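The values are calculated or read from the model by the stated rules, or taken from the named source; none is laboratory data. Everything quoted here is computed from the prediction, not taken from an experiment. Because the Cβ atoms are built from the backbone with ideal geometry, glycine has one as well, and the counts that use them run over all protein chains shown.
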Amino acid sequence: MKKGTHPFFIAALLLAPAALACDPALEAQVAAKPADSDARDALARSCARAGRHADALAHYDRLLAVDAGNVDWLLGKSQALLALQRPREALPLLEDARRRAPAYEDVWRANVNALDQLDGFAAADQLLAEAAAQFPQAAWPRERRAALAERRLLERGSRVFADLSYEELSGDRPAWKSASLGYTRPLAGARRMFAGLHFEERFDTQDGQFLASWSDRLNQDWSWALAADFSPDAEILPEWSVTAEAGRPLPEAWSLGLRLRHASHETVDVDTLATSVEKYLAAFSVGYTLNVAKVSDISSPSFGHQLQVARDYGDASRIALAVGFGEEAETIAPGVVQVTDTKSVSLRGLHWTSAAWAIRWDAGWYEQGDFYDRYRVRLGLEHRF
């Protein structure tokens, strides 16, 4: 394949959200008559349909300043807050709207969504039971309650996955191959433990690796994880590594992630600090990660960058396109770690075919400085039970 244009860029057109805007005619009407509540209401709805939830929220705030008890506007503001991943702010508005209009089904639905976003399973389940009594002819409360109970059971259950990957290298070099097997088990609260095995074949050399991690929630905002791996007789993988991670949501549907990793190779140590930010736009998200790595026998650090756009769909399925560039510390031969200029494009996904089974996959192109190009495919299965 020629360097330059790669087919993975075509996927960006499929993944990237359309550059939608609020209705310009309504914007002009509201600009001319700011006190026209009907026009502002229509504009707020237009912004919400376009995925401009922050703009919709601002318009609903203006409307509610005129009439704080308007149930449609309370609902509209709540839905904008939920789209911005701010359920705590939406919940009191929805409870107020439900008191004012107890027969308004959409308010009940949004109230359930807010509790679901907050992981309030017991409260959401109770509200759905009340909704079933309030709307005896409606099927959605019973269907949503059953789906919520099934998802809760699966989320609280264990997961196991198995992956195989194959990478073709340029210059008639032998292909890379790997296999992974992992098991995740939830414990009390938000705690989870993971154990896994990984096998790698590169440069006609084979390494095995044992992996383990533990994750938990520190408080309502911060979550954290610790991970470690060990490779006996390592030649291409680190002899051992330790990773600490932390993350939290930020206002306006942003999130922050921090990761610190120390990897001990046969000849050098590599320390990496990764800082990532992500912005959620309804079903889409866009993110940036800065990787700062320091190899023990090189005086200056290296800097790598990754841009990502992702789309969530279904219950928990996701597809993501990532573009990387900059510098990276990589094993370029058995026992040899070197910082090289890199470029990469990858497309990966997790697709749930049923409540219990998912397909894991990715495909990508990687340019490792002047040493070689890699073309990678990975396919695996995940089962939750």
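The residue that is surrounded by the most Cβ atoms within 10 Å (Cβ to Cβ), counting only those in segment 41-65 that are out of contact with any Phe, Trp or Tyr (no Cβ under 9 Å at 6 or more places or on another chain) and farther than 21 Å from W254 by Cα, is L43. Restricting segment 261-285 to residues that are in a strand (DSSP E or B), within 14 Å of the chain's Cα centre (by Cα) and at pLDDT below 95, the residue that is surrounded by the fewest Cβ atoms within 10 Å (Cβ to Cβ) is K279.
Looking at A110, A124, can you tell me which residue is without any contact (Cβ under 8 Å) to a residue 40 or more places away in the chain, of a type outside the set (D, E, K, R) and under 24 Å from R40 (Cβ atoms)? Steps first, please.
Working: A124 fails: under 24 Å from R40 (Cβ atoms).
Criteria check complete, one pass: A110.
Pull up segment 352-365, narrow it to residues that are modelled with pLDDT of 95 or more and not aliphatic (A, V, I, L, M), then point me to the one that is nearest to R173 (Cα to Cα). For segment 352-365, the residue satisfying everything is W365.
In segment 33-41 there is no residue that is under 30 Å from the mean Cα position of the chain (by Cα) and either modelled with pLDDT of 95 or more or in the same structural domain as L118 (by TED's automatic domain parsing) (or both). Among the residues of segment 42-57, those that are assigned to a helix (DSSP H, G or I) and more than 11 Å from K77 (Cα to Cα) comprise A42, L43, S46, C47, R49.
Is it the case that E245 is of a type in the set (D, E, K, R), buried (at least 16 other Cβ atoms within 10 Å of the Cβ), over 30 Å from Y372 (Cα atoms) and modelled with pLDDT of 95 or more? It would help to see each step written out before you state the result.
Details: of a type in the set (D, E, K, R): yes; buried (at least 16 other Cβ atoms within 10 Å of the Cβ): yes; over 30 Å from Y372 (Cα atoms): yes; modelled with pLDDT of 95 or more: yes.
Yes: the conditions hold for E245.
Does A253 meet the test of being surrounded by 14 or more Cβ atoms within 10 Å (Cβ to Cβ) and in contact (Cβ under 8 Å) with a residue 60 or more places away in the chain? Answer is yes for this residue.
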